[in-house]
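Scroll down for the structure; my scribbles are underneath it.
The values are calculated or read from the model by the stated rules, or taken from the named source; none is laboratory data. All figures in this text were calculated on a predicted structure; none of them were measured in a lab. Positions of Cβ are generated from backbone atoms using ideal geometry, with glycine treated the same way; all protein chains shown enter the neighbour counts.
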Amino acid sequence: MIGSRKEDLDTPALLIDLDLMEKNIRQMAEFLKEKKAKLRPHTKVHRTPVIARKQMEAGAIGICCQKVRQAEIMADAGINDILIPNVIATPDKINRLTALAKRSNITVLIDDAANAEQLSLSAQRIGTSLNVFVDVYVGTQRFGLDPGEPVLKLVKQVTAMGGLRFSGLMCHIGFLSHFEPRTERRSRAKQAELPLIETKKLLERTGIKVEKLSSGTTGTYDVTADNQEITEIRAGSYALMDRSYHESVPEFGCAMRVLGTVISRNPKGIIVLDVGMASMSTEHGSPAVVGDDNLSVYQVHAENSLLKPDKPSNIRIGDKLELIPSYLDGTVVRNEKFYGMRKGVVEEVWEIAGRNASN
C-alpha cells in the first residue's frame, strides 16, 4: 500500500494531504508560540494517536478526548496528559476513568456535586487522584453551572472530597465557532469568556487557587489566545478542516478528503461516484469537489454521490475524484484508516484507532 499512487487506491478511501496537514499544525503552533495560552487539541476530530503525537511534537501541552474509550486508546499510545471536557456519569465509565488516572494525568469536567461524589468515591476506592475542571455556563446548551456563586459552591464541595483535585475552570464557546461576520464572532467570543474570568477572580478572592482556564475552538482560537487569563485552547478541527469550517477559518486548509471512483455517466450528464453517506457525513451540507469548479454535488445517497457538471465534461468511468466533506467528525468515524498522501503517492497508512470509541 505504501508507495501506491492515488489512482490505484480502492475506493471509498479517506485521504490526508500530509503537506497541508503539517502546514496547519505548524501554523497553529507558530501563532501560539509567544502566547500565554497553550494548545490542547481536541482529538475527537481525527481519533488517531499518530496525529495527536504530531500535534504534541509541535508544542501542544496535552490533548482532549470526548469519551473514556478515546482517552484509553490515546494513553495506550503513550499520550498521558488528557482532558475529557465531558461529563462522565455512569458507574462503569467512572471506574474506567479513575483506573486510567492511575497511569495517566487525567482531568475531567464536572458541573454537579453528586457526580463529583461518585468520581471521588471511585478514585478513593482504587487509591488514585483525579483532576477536575468545573464548567462555567456561558451560552452553549450543553454543560455548566451559572457563573459566580454556584461555581464557588461546587468548588468548595470538591476541595473537601478525597480523591479529587480541583485544577481549574472551563467554558464551551463552540456555539460561536461559525458565527459571521468574523469580527462579530471575535467580539462575542470575548464577551462570552468574561463570566469565566469573573468567576476565576471570585474564587481567588476567597483564597481558592485557579491554576488553569480552558476555552476556545478552531473558530475562536485567535481571540481566545489574546485573553491573558486563558491558559489552554481546545482547538481540534484546524489540523484537518472540513468544507463548512474552512469557510469560517480560511487560514487553515482542508487536508482531509474522501476519494471516490466514477462508476457511471447518466445520459442526462449526471456523474455517479461510489462515495455516499456510509463513508462521508453530510451533517453540515454537501461536500465540495476538489480541483474542478465545473462539478458540483447534486445529491448524496447511502453509497453513491451524484455530481452535475456545469458544462460538458471529459470525466470518464474509472476516473478518481476527491471530495471535501462538510463535517470532519462524522466522516472520520465511518472509515477504518487514513491514507497519508504526498504528491499523489501514499506515504503513510494510519488506523483510525478511536473510530468506534463512543463509550
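A few remarks follow.
- Number of positions in region 151-176 that are in a helix (DSSP H, G or I) and within 27 Å of Val223 (Cα to Cα): 5
- Leu130 among the aliphatic types (A, V, I, L, M), in contact (Cβ under 8 Å) with a residue 40 or more places away in the chain and crowded, with 19+ Cβ neighbours inside 10 Å: no
- Of the candidates Ala116, Ala101, the single residue that is in the same structural domain as Val87 (by TED's automatic domain parsing), in contact with a Ser or Thr (Cβ under 6 Å, 6 or more places away or on another chain) and either crowded, with 22+ Cβ neighbours inside 10 Å or within 17 Å of Lys201 (Cβ to Cβ) (or both) is Ala101.
- The lone exception for Asp92 - which of (1) surrounded by fewer than 21 Cβ atoms within 10 Å (Cβ to Cβ); (2) over 17 Å from Ala71 (Cβ atoms); (3) out of contact with any Lys or Arg (no Cβ under 8 Å at 6 or more places or on another chain) it fails: (2)
- Wholly enclosed helices (runs of 4 or more DSSP H) of region 1-119 bearing at least 2 residues over 27 Å from Ala225 (Cβ atoms): 68-76, 91-101
- Within region 180-192, considering residues that are in contact (Cβ under 8 Å) with a residue 40 or more places away in the chain and not small (Gly, Ala, Ser), the one nearest to Gly144 (Cα to Cα): Arg185
- Test: residue in region 18-27 that is at pLDDT 95 or above, touching a His at 6+ places or on another chain (Cβ under 7 Å), crowded, with 18+ Cβ neighbours inside 10 Å and not acidic (Asp, Glu): no
- Residues that are in a loop (DSSP other than H, G, I, E, B) and touching a Pro at 6+ places or on another chain (Cβ under 8 Å) are absent from region 120-129 altogether.
- Tabulated pairs, region 302-319, first at pLDDT below 90, second exposed (fewer than 11 other Cβ atoms within 10 Å of the Cβ) and in a loop (DSSP other than H, G, I, E, B), C-beta under 9 angstrom, 6+ apart or interchain: Asp310/Asp293
- Residue match in region 206-222 (condition: assigned to a helix (DSSP H, G or I) and either under 18 Å from the mean Cα position of the chain (by Cα) or aliphatic (A, V, I, L, M) (or both)): yes
- Region 177-202 - residue that is acidic (Asp, Glu) and in a helix (DSSP H, G or I) and, of those, nearest to Pro250 (Cα to Cα): Glu184
- Total residues in region 321-339 satisfying the condition of being assigned to a loop (DSSP other than H, G, I, E, B) and touching an Asp or Glu at 6+ places or on another chain (Cβ under 8 Å): the figure is 4.
- Pairs, first outside the structural domain of Gly59 (by TED's automatic domain parsing) in region 15-36, second assigned to a loop (DSSP other than H, G, I, E, B) and basic (Lys, Arg), C-beta under 9 Å, six or more apart: Asp19/Lys343
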